[in-house]
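Have a look at the structure below before the remarks.
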Amino acid sequence: MSMRGEVAVIGVGMTKFGEHWDKQLRDLFVEAALEAIEDAQVDLRDIKAMFIGNMGSGLWVEQEHLGPLLADYLGIPGTPSLKIESACASSGMAFRLGVISVAVGLYDIVLVGGVEKTSDVTHGESIHHLASVADREWEAFYGMTLPALFALIAKRHMMQYGTTREQLAKVAVKNHKHGSYNPKAQFQRPISIEDVLNSPLVADPLRLLDCSPISDGAAVAIIARSDIARKFTDTPVYVLGSGVATDTIALHDRDDITTFKSIVLAAREAYKMAKVEPKDINVAEVHDSFTIAEILAYEDLGFVKKGEGGKLIDEGVTELGGKIPVNTSGGLKARGHSPGATGIAQIVEIVLQLRNDAGKRQVSNAEIGLTQNIGGSGASCVIHIFGNKR
Amino acid sequence: MSIMSVPKAPRIWQLAERRYRLIGTQCLKCGRVFIGPRKICPQCGSRELRDIELPKRGKIYSYTVVRNPPVEREKQGPYIIAIVELENGCKLTTEIVDCSPEEIDIGTVVEAVFRKIGEEDKTGVIYYGCKFRPVK
């Protein structure tokens, strides 16, 4: 069966991403969920199941069993509810599973969400926890960190394709500019190329302003069978394509670390299901956990040929006003990156864009949008393609 | 809040010999070599693999300097981490030691040295394994 167009997003909500010192994981989730429920004009009792993306609640706040916890605190105990984990791609994966559950006819209306609470521990502890997305025995044990993995990729990409330090900086500059138009973004101030190049080194050649923050946050989407979606909203956004793939857990087990095979494979599935090509995408949210990751995303999604991602940023193609604006929300870099919530936060942005609700950052006449969410150093990837027509 | 996922004695023991002697796994069908034990080859699907002692020399495939370390390495200061490609094509993740970042590049020839990798606390386990250093 094809899921194309069978399921629609009827409402979205999210917290601001950032440092929520005064809020707990459950508070963040309930805040985002209530916003989405109001947006969807559904009753809490209409929700027949919940799929919650979360990367590391067991690590960061020593809380597992999020499914029942969050259904309970949303006031609907008894509702089927479970946590989905795929590192930073957790809630993109939760969305996919929610869509499947509706498409097969199991449920009419489903809540898909993502949440992460990271700021209750020290920075060093967060770096340790984040390294669990890599191979603990053969990478992290020897001192590998998540920024370091992307630094290794950047170094090879620069060597093999001549990608420059300035091109990487331009990704952060663009995304901060976009973030300045997004009231939910963690960072709403523009930065310059010099700011990036003068920021402290994190893992050479990557600097602080090449890296997304590790944020607290939650994001929620309410999805429904397409044939009932218009009972709730005049502007349903349809799921046209969905793709998922994995790759080796350790970066060192790949032949070429300048390409994410998981993106290539997931994109192939999603484009085929949606019956669209890369050139048909009007707006995209991609996983810029580090600036180099956005360059790889351009290439592996097929927006440009391998090795030409740097050229795309130079030409301004992916800026607001360009041919295919990427990360209009500010991306992980400026909107913030709350590992378990990022996948749905990307979907929230694309839904707003396709509903013409994106305010100052609206892409005119956007009809087809794409989200691309990876886990770790690309060992997992989930991609969705959306349209405002079925 | 404590860090609970640093290795503990039984877990360290499971892989100690492989880490000490640099033992990997080779697929008998496609020939690919991996660090770490495997029962099934992720490249060709074969179930015929054998343990092999890996070459002690290789070249730096990519590297960086970690300046924001995880909590267990906060006292260590910046360190070099790399993917090294061994002479038989096996790639692995390792720390590069006995040199400054300016002395190495992609392609630098390195050799394995037996070193302390880390420790839990004053009464906990000290764990060892291989790091690599430039061949002088």
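The values are calculated or read from the model by the stated rules, or taken from the named source; none is laboratory data. None of the values given here were measured: they were computed from a predicted structure. All Cβ positions, even for glycine, are placed from backbone atoms using ideal geometry, and neighbour counts span all protein chains on display. Remember, those area values only see protein heavy atoms, side chains included, never the ligands or the DNA or RNA. Shrake-Rupley method; radii C 1.70, N 1.55, O 1.52, S 1.80 Å.
Restricting attention to region A:238-253, and to residues there that are under 14 Å from A:M93 (Cα atoms) and open to solvent by 20 Å² or more (accessible area, probe 1.4 Å), which single residue is farthest from the other protein chains (Cβ to nearest Cβ)?
A:V244
In this structure, is B:L86 in the same structural domain as B:G31 (by TED's automatic domain parsing) and either touching a helix residue (DSSP H, G or I) at 6+ places or on another chain (Cβ under 8 Å) or open to solvent by less than 40 Å² (accessible area, probe 1.4 Å) (or both)?
For B:L86, the condition - in the same structural domain as B:G31 (by TED's automatic domain parsing) and either touching a helix residue (DSSP H, G or I) at 6+ places or on another chain (Cβ under 8 Å) or open to solvent by less than 40 Å² (accessible area, probe 1.4 Å) (or both) - is not met.
Of all residues in region B:100-131 being free of Cβ contacts under 8 Å to residues at least 24 places away in the same chain and open to solvent by 40 Å² or more (accessible area, probe 1.4 Å), which is nearest to B:I60 (Cα to Cα)?
Among residues in region B:100-131 that are free of Cβ contacts under 8 Å to residues at least 24 places away in the same chain and open to solvent by 40 Å² or more (accessible area, probe 1.4 Å), the one nearest to B:I60 (Cα to Cα) is B:E102.
List every residue pair whose Cβ atoms sit under 9 Å apart, with the two residues 6 or more apart in sequence or on different chains, where the first one lies in region A:8-22 and is within 28 Å of A:D234 (Cα to Cα) and the second, anywhere, is modelled with pLDDT under 95 and open to solvent by 10 Å² or more (accessible area, probe 1.4 Å).
A:A8/A:R390
Looking at region A:17-38, can you tell me whether even one residue there is of a type in the set (S, T, N, Q), more than 18 Å from A:H337 (Cα to Cα) and over 20 Å from the mean Cα position of the chain (by Cα)?
No, every residue in region A:17-38 fails to be of a type in the set (S, T, N, Q), more than 18 Å from A:H337 (Cα to Cα) and over 20 Å from the mean Cα position of the chain (by Cα).
Could you say whether any residue in region A:345-366 is touching a residue at least 12 places away in the same chain (Cβ under 8 Å), small (G, A, S) and out of contact with any helix residue (DSSP H, G or I) (no Cβ under 6 Å at 6 or more places or on another chain)?
Within region A:345-366, one or more residues are touching a residue at least 12 places away in the same chain (Cβ under 8 Å), small (G, A, S) and out of contact with any helix residue (DSSP H, G or I) (no Cβ under 6 Å at 6 or more places or on another chain).
Taking the residues in region B:81-119 that are of a type in the set (S, T, Y) and over 13 Å from the mean Cα position of the chain (by Cα) as candidates, determine which candidate is nearest to A:K155 (Cα to Cα).
The extreme case among them is B:T108.
Assuming A:A172 fulfils every condition listed in (1) over 30 Å from A:K48 (Cα atoms); (2) away from chain B (no Cβ under 14 Å); (3) of a type in the set (G, A, S); (4) surrounded by fewer than 23 Cβ atoms within 10 Å (Cβ to Cβ) apart from one, which condition is it?
Result: A:A172 fails condition (4) only.
Taking strands (runs of 3 or more DSSP E) that do not extend beyond region A:201-295, which have at least 1 residues that are closer than 30 Å to A:N365 by Cβ and within 18 Å of the chain's Cα centre (by Cα)? Lay out the reasoning, then the answer.
Values: elements: A:201-203, A:217-225, A:237-246, A:283-285.
Of the strands (runs of 3 or more DSSP E) lying wholly inside region A:201-295, those with at least 1 residues that are closer than 30 Å to A:N365 by Cβ and within 18 Å of the chain's Cα centre (by Cα) span A:217-225, A:237-246, A:283-285.
If you scan region A:106-152, which residues turn out to be of a type in the set (S, T, Y) and in contact with a strand residue (DSSP E or B) (Cβ under 9 Å, 6 or more places away or on another chain)?
Within region A:106-152, A:Y107, A:T118, A:S119, A:Y142, A:T145 qualify.
Hey, A:E277 hits all of (1) out of contact with any helix residue (DSSP H, G or I) (no Cβ under 7 Å at 6 or more places or on another chain); (2) open to solvent by 10 Å² or more (accessible area, probe 1.4 Å) but one; which does it fall short on?
If we test A:E277 against (1) out of contact with any helix residue (DSSP H, G or I) (no Cβ under 7 Å at 6 or more places or on another chain); (2) open to solvent by 10 Å² or more (accessible area, probe 1.4 Å), just (1) comes out false.
Report, by residue number, each residue of region A:305-339 that is closer than 18 Å to A:G359 by Cβ and open to solvent by 10 Å² or more (accessible area, probe 1.4 Å).
Residues satisfying the conditions are A:E319, A:L320, A:G321.
Does B:R50 satisfy the criteria of being under 14 Å from the mean Cα position of the chain (by Cα), open to solvent by 70 Å² or more (accessible area, probe 1.4 Å) and not β-branched (V, I, T)? Steps first, answer last, please.
Working: under 14 Å from the mean Cα position of the chain (by Cα): no; open to solvent by 70 Å² or more (accessible area, probe 1.4 Å): yes; not β-branched (V, I, T): yes.
Answer is no for this residue.
Return the residues of region A:126-139 that are touching a residue at least 12 places away in the same chain (Cβ under 8 Å) and either open to solvent by 20 Å² or more (accessible area, probe 1.4 Å) or more than 7 Å from chain B (Cβ to nearest Cβ) (or both); say none if nothing qualifies.
Correct list: A:S126, A:H129, A:L130, A:S132, A:V133, A:A134, A:D135, A:W138.
Quick one: count up the residues across region A:55-71 that are open to solvent by 10 Å² or more (accessible area, probe 1.4 Å) and among the hydrophobic types (A, V, I, L, M, F, W, C).
4
Looking at region A:179-200, which of the residues that are free of Cβ contacts under 8 Å to residues at least 12 places away in the same chain and in a loop (DSSP other than H, G, I, E, B) is surrounded by the most Cβ atoms within 10 Å (Cβ to Cβ)?
Residue satisfying both the conditions and the ranking: A:S199.
Suppose we filter region A:140-167 for residues that are facing chain B (nearest Cβ under 9 Å) and either more than 24 Å from the chain's Cα centre (by Cα) or open to solvent by 20 Å² or more (accessible area, probe 1.4 Å) (or both); how many remain?
6
Given region A:1-117, what strands (runs of 3 or more DSSP E) lie entirely inside it while holding 1 or more residues that are among the charged types (D, E, K, R) and under 30 Å from A:H129 (Cα atoms)? Please lay out each step first, then the result.
Working: elements: A:7-14, A:49-53, A:81-84, A:109-116.
Those strands (runs of 3 or more DSSP E) span A:81-84, A:109-116.
Among (1) buried (at least 24 other Cβ atoms within 10 Å of the Cβ); (2) more than 18 Å from A:R96 (Cβ to Cβ), where does A:G302 come up short?
Unmet for A:G302, out of (1) buried (at least 24 other Cβ atoms within 10 Å of the Cβ); (2) more than 18 Å from A:R96 (Cβ to Cβ): (1).
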